[in-house]
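For reference, the structure is listed below as structure tokens.
The values are calculated or read from the model by the stated rules, or taken from the named source; none is laboratory data. Predicted model, so just to flag it, every value in this text is computed and none were measured. Quick reminder, even Gly has a Cβ in these numbers, built from the backbone with ideal geometry, and neighbours come from all protein chains shown.
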């Protein structure tokens, strides 16, 4: 069985035209060369019959472009990032790009390794969900004039293109929602991180008390290390529930924190929302399947992913220098876990 690849010359011979004409048609330039529609259709049919596969490597060497995008996400096991990756991949394909995906696992060193590998693979640009302590990587990309767009997380002190949820507003609305439904001792479990998006979620939570003239206590905010999620969440919930004034509700700053928290709440046989109202960032089917459906902040995954690709493709094609900085609104999806407490009012 022959393994010889079909060449442009093979197609040209069968069609009775020049190799150059075949190249124009298969590269979508038939209008430029004034090729008749009938012959263009014939060339494409012959190419399909002969199972012609274009030589992308040769094309890349000629153009200096690989038509690939490097996507670095924080944690591929998180449904939010997995879904974002799918959207980015689909949208990139629609624009003629292939995506190479890597997960940094929230580790700056791994993120740096992925950058090096993908730069060596000569990707045309990057879409990056940044990890903590990765600012130098962003400066490196800027210094080397490598096109990139930050997705979901960004560094306000660095002028870059980014597409992100308005994390402050989302957290603020979650706090106000709980307050309006009669909760007064609202705890928050967040990561102990200086990442801007996490600090914005904490700021929104705290401002929801202040702007509604309610007292908040420092002890109601628990920050745990990402390297110690399971035990950290358990210790935080124990402290919050065993205090002299136990919290009556919880806002989880991420999906991972919520999943670990809900498991432990079950172990403690706490009733949701009778003993503890719950709101969480992130959306996943598990929130609907929990014994009491969980109220959550739905981030615009499809719009985030599509917009990130659109911005990057525009930079790659039009060489745009002015950074685009876009914040998008999250939607509070109300479920039974935060329903109004009896006889409550603000």
Test residue 128 against the criterion of being under 11 Å from residue 69 (Cβ atoms), in the same structural domain as residue 153 (by TED's automatic domain parsing), surrounded by 16 or more Cβ atoms within 10 Å (Cβ to Cβ) and free of Cβ contacts under 8 Å to residues at least 60 places away in the same chain, and give yes or no.
yes
Taking residue 245 and the conditions (1) closer than 29 Å to residue 329 by Cα; (2) touching a residue at least 12 places away in the same chain (Cβ under 8 Å); (3) in a loop (DSSP other than H, G, I, E, B), which numbered condition does it fall short on, given that it satisfies the others?
(1)
With criteria (1) surrounded by 19 or more Cβ atoms within 10 Å (Cβ to Cβ); (2) outside any helix (DSSP H, G or I); (3) in contact with a helix residue (DSSP H, G or I) (Cβ under 9 Å, 6 or more places away or on another chain); (4) in contact (Cβ under 8 Å) with a residue 40 or more places away in the chain, residue 123 comes up short on (3)
Mind checking which residues of the stretch 218-234 are loosely packed, with under 14 Cβ neighbours inside 10 Å and without any contact (Cβ under 8 Å) to a residue 24 or more places away in the chain?
218, 227, 228, 231
Criterion (in a loop (DSSP other than H, G, I, E, B), surrounded by 12 or more Cβ atoms within 10 Å (Cβ to Cβ) and at pLDDT 85 or above) met by exactly one of 75, 10:
75
Can you name every residue in the stretch 196-217 that is buried (at least 16 other Cβ atoms within 10 Å of the Cβ) and either modelled with pLDDT under 95 or in the same structural domain as residue 134 (by TED's automatic domain parsing) (or both)?
216
Hey, can you tell me all the residues within the stretch 150-168 that are out of contact with any helix residue (DSSP H, G or I) (no Cβ under 7 Å at 6 or more places or on another chain) and assigned to a loop (DSSP other than H, G, I, E, B)?
157, 159, 166
Any residue at all in the stretch 121-132 that's more than 21 Å from the chain's Cα centre (by Cα) and modelled with pLDDT under 95?
yes
State yes or no: is residue 287 farther than 17 Å from residue 151 by Cβ and at pLDDT below 95?
yes
Of everything in the stretch 85-99, what is under 13 Å from residue 307 (Cβ atoms) and at pLDDT 95 or above? Give them in sequence order.
87, 88, 91, 92
Among (1) in a helix (DSSP H, G or I); (2) touching a helix residue (DSSP H, G or I) at 6+ places or on another chain (Cβ under 6 Å); (3) modelled with pLDDT of 90 or more, there is one condition residue 47 misses while meeting the rest; what is its number?
(3)
What number of residues within the stretch 247-267 satisfy the criterion of being more than 25 Å from the chain's Cα centre (by Cα), surrounded by 22 or more Cβ atoms within 10 Å (Cβ to Cβ) and under 15 Å from residue 224 (Cβ atoms)?
0
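Matching residues to (1) touching a strand residue (DSSP E or B) at 6+ places or on another chain (Cβ under 9 Å); (2) farther than 24 Å from residue 322 by Cβ; (3) in a strand (DSSP E or B); (4) in contact (Cβ under 8 Å) with a residue 40 or more places away in the chain:
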| site | (1), (2), (3), (4) |
| --- | --- |
| 109 | no, yes, no, no |
| 117 | yes, yes, no, no |
| 138 | yes, no, no, no |
| 170 | yes, yes, no, yes |
| 173 | yes, yes, no, yes |
Applying the selection to the stretch 183-192, what residues are more than 13 Å from residue 208 (Cα to Cα) and crowded, with 19+ Cβ neighbours inside 10 Å?
189, 190, 191
